[in-house]
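First the structure, in the form of C-alpha cells, and then the observations on it.
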Amino acid sequence: MKQRLSLELGKQLAPICAAALLFAQIAGGQAGSGVCVADSGRALRERLPALMDSAMIPGLALAIIDSGKVIWRGGFGSPDSKSGRVSADRTVFEAASLSKPVIAYATLKLADAGQLDLDRPLIRYTQYPDFHGDTLGNLVTAKMVLAHTTGLQNERIGSDSLRFSFNPGTRFQYSGEGYVFLGKAIEAITGRPLAESMKALVFDPLAMTHSSFVWETRFDDDAALGHGPFGDPRKRTRPRVARAPSSLQTTVSDYARFLVAIQKGTGLRPETSLAMQTPAVDVAPGVSWGLGWAIEKDSADTALAHHGDNSNSGFTAFTLLNVQRQCGLVYFANSTNGLSIVKEVASVIPGAHPGLALLNYERYDARAALARARVAAKLRSGGIDAALLEYRKIAEENPDATPEKLLNDLGYSLLNQARNKDAIRAFRQNIAAYPGSANVYDSMGDAYLADGHPTAARDAYRRATELDSTNTHARFLADSLNSRLRH
C-alpha cells in the first residue's frame, strides 16, 4: 500500500504529532533584546545547497524574520529540477498544512467583527450533511477546530466517512477534517467561496499578492513542481476548489508577511492575538496547541510553529516564530524530503528546539536515507537493474539501512512515472526481503493492476489480506477484482 502523508495525505504519525505540524522552543531573550538571527542566517544559507543535494531536494525557498521584519529572503535550486531558479518573491509553492494558520487568522478576524462566536457550534452557521446524523457533529465549535480537539480524523481517504474518536472538546487529535467543516462555515458567514473570503480577509489586507487557496492562471509560469522521495517529479496539482486544511498556493515572501502580521497582532484585537498564543490543550510534555498553532512557553518566550506535508503532490513546509524576540522563519520545499533537514533549518533561530523531536521524519543523514540516495543515483545512471543491484549490495552491508519502506517508496515513484514493469520488479524484490509483510503484497497488487494484470493483482491482494485481516484496502480490491473476473 502506498505510504501516505499527511497525513495531510495520510501518513499516520504518533498522536502527539499526527499532522503536518510542530512546536519548537526558543530559549531566552526579551522583546527588543537585540539581534536574534546571527549574520542574517549566513551560515545556514551557505550550507543549504549541500543539504539539499544530500536530501535530493530540487528547490527550496527561505525567509528569515528578525526584529519584527523580513531581513533575508531567497531561493535555492530549481522549481522543477530542470530549469530556472527558485525565487522568493515569484515561485509559488503548495503550503500544505501551513494553510491552517491562515484559516485560523481569518476565523479570528471574523470573531473580532462579531460575525462568528468561537464557542458556538459551527452547525449553527452551516448545515454539514457529511456527519450523516451523528449528533456529536452538533457540538463542534471553531475553537475546537483551531485547537484540534474535534475528535475527527485527519483526512478521509477514498470513501471513508467522517468519524469521531472521542467527544468533541475533550482532548487533542490533529484533524484536517475539522478545518474542512470550518471552511464551510466561513463560506456561509461571508456569503462567498472560501478562496474569495481568504482574499478579502487575509491576502488583500496583508498585501499577499501571490497567494490563493485555488489555482490561478497567473501562477502558471512561476509554479514549483513537487518531487517524490527519489527525486521523481510528481504530477502538477492545480486545485480548482479551495480546501481549508491544505490548498494554499503562495510564495515564501508572502508567507513571511503573514508571519510578521501574526507577530505584531496586525488586524486582531490585542486580546484575540493573545488568545491565539495561549495554550488551549496539552499535546505532549511542554507542548500544547493554541488557536491555529502549536505552542510552547518558557519563562520569557512564546514560540509558535507549524509544519506542512502534501506528500502526494511532493511539497513540504515549515515555519517557526518566536513572538517575544520577534524572529522566525518559513521555508517551502518542492520535495517530500523537505522535512529531513528541518533540524538544520531551525538552527538559525537560537534555542534547543526540543519540539523538533515530535516530528516523525527520517533525517537526511539517516542510514536509510543515505541508502535511498545511493539507489536513486544508480536508478538514474543505470536503470532498474543497477538500482536493485545496489539495493542488494547495501542490504548485505547493513540490513538496517534497507527497511521495507525503501523499495516500497521506489516502487510507487516508478508507478508515478508510468514505469509499471520496473515498479513490479521493485515490489518483487521487496517481497523477497519482507515475505511476511501484508503491505508488500498490497503494493504489488497496485502495480499489477496498473500494468493490466487483474488476476495477478487479485492474488496479491488476497495474500495481503491473509497476512493482515484488517487490510480493508486489499480486501475491497481483491473482492472487486474477483467479481469482475467471474464475469
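Out of the residues in the stretch 110-161 that are among the polar types (S, T, N, Q) and within 27 Å of the chain's Cα centre (by Cα), state the one that is surrounded by the fewest Cβ atoms within 10 Å (Cβ to Cβ).
Checked the stretch 110-161; the qualifying residue surrounded by the fewest Cβ atoms within 10 Å (Cβ to Cβ) is S159.
Looking only at the stretch 208-222, filter to residues that are open to solvent by 30 Å² or more (accessible area, probe 1.4 Å) and assigned to a helix (DSSP H, G or I); which one of those is nearest to R90 (Cα to Cα)?
D222
Of everything in the stretch 162-172, what is touching a residue at least 60 places away in the same chain (Cβ under 8 Å) and open to solvent by 50 Å² or more (accessible area, probe 1.4 Å)? Give them in sequence order.
In the first step, residues of the stretch 162-172 are kept if they are touching a residue at least 60 places away in the same chain (Cβ under 8 Å); the result is 171-172.
Listed by number, the list holds a single entry, R171.
Looking only at residues in the stretch 455-476 that are modelled with pLDDT under 95 and in a helix (DSSP H, G or I), which one is most open to solvent (accessible area, probe 1.4 Å)?
My answer is F476.
Between residues in the stretch 265-280 that are within 15 Å of G292 (Cα to Cα) and residues that are modelled with pLDDT under 95 and open to solvent by 40 Å² or more (accessible area, probe 1.4 Å), which pairs lie under 8 Å by C-beta distance while being six or more apart or on different chains?
P279/K297
Does the stretch 173-181 contain any residue that is surrounded by fewer than 20 Cβ atoms within 10 Å (Cβ to Cβ) and part of a loop (DSSP other than H, G, I, E, B)?
Within the stretch 173-181, not a single residue is surrounded by fewer than 20 Cβ atoms within 10 Å (Cβ to Cβ) and part of a loop (DSSP other than H, G, I, E, B).
Looking only at the stretch 198-235, how many residues end up being within 25 Å of F76 (Cβ to Cβ) and without any contact (Cβ under 8 Å) to a residue 24 or more places away in the chain?
Matching residues across the stretch 198-235 total 3.
Table: residues versus (1) open to solvent by 60 Å² or more (accessible area, probe 1.4 Å); (2) in a strand (DSSP E or B); (3) closer than 18 Å to A305 by Cβ.
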position: V35; (1), (2), (3): yes, no, no
position: D39; (1), (2), (3): yes, no, no
position: R42; (1), (2), (3): yes, no, no
position: L48; (1), (2), (3): no, no, no
position: I65; (1), (2), (3): no, yes, yes
position: G74; (1), (2), (3): no, yes, no
position: D80; (1), (2), (3): no, no, no
position: D89; (1), (2), (3): yes, no, no
position: K100; (1), (2), (3): no, no, yes
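Given (1) of a type in the set (G, A, S); (2) under 16 Å from the mean Cα position of the chain (by Cα); (3) open to solvent by less than 10 Å² (accessible area, probe 1.4 Å), identify the lone condition not met by A303.
(2)
This table checks each residue for (1) modelled with pLDDT of 95 or more; (2) among the polar types (S, T, N, Q).
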{"position": "T250", "(1), (2)": "yes, yes"}
{"position": "D254", "(1), (2)": "yes, no"}
{"position": "V260", "(1), (2)": "yes, no"}
{"position": "P270", "(1), (2)": "yes, no"}
{"position": "S273", "(1), (2)": "yes, yes"}
{"position": "P279", "(1), (2)": "no, no"}
{"position": "L291", "(1), (2)": "yes, no"}
{"position": "S299", "(1), (2)": "no, yes"}
{"position": "D309", "(1), (2)": "yes, no"}
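Taking the options G452, G436, name whichever one is on the phi > 0 side of the Ramachandran plot and exposed (fewer than 15 other Cβ atoms within 10 Å of the Cβ).
So the residue among G452, G436 that is on the phi > 0 side of the Ramachandran plot and exposed (fewer than 15 other Cβ atoms within 10 Å of the Cβ) is G452.
Would you confirm whether or not the stretch 239-246 contains a residue that is in contact with a helix residue (DSSP H, G or I) (Cβ under 8 Å, 6 or more places away or on another chain), crowded, with 24+ Cβ neighbours inside 10 Å and under 22 Å from V86 (Cα atoms)?
yes
Going by the structure shown, is N420 modelled with pLDDT under 95 and either closer than 27 Å to R475 by Cβ or open to solvent by less than 70 Å² (accessible area, probe 1.4 Å) (or both)?
Values: modelled with pLDDT under 95: no; either closer than 27 Å to R475 by Cβ or open to solvent by less than 70 Å² (accessible area, probe 1.4 Å) (or both): yes.
No, not satisfied.
The values are calculated or read from the model by the stated rules, or taken from the named source; none is laboratory data. All of these numbers come straight from a predicted model, not from anything done at the bench. Here Cβ is always computed from backbone atoms with ideal geometry, including for glycine, and neighbour counts include all displayed protein chains. Areas reflect the complete protein model, heavy atoms only, side chains present, ligands, DNA and RNA absent. Shrake-Rupley method; radii C 1.70, N 1.55, O 1.52, S 1.80 Å.
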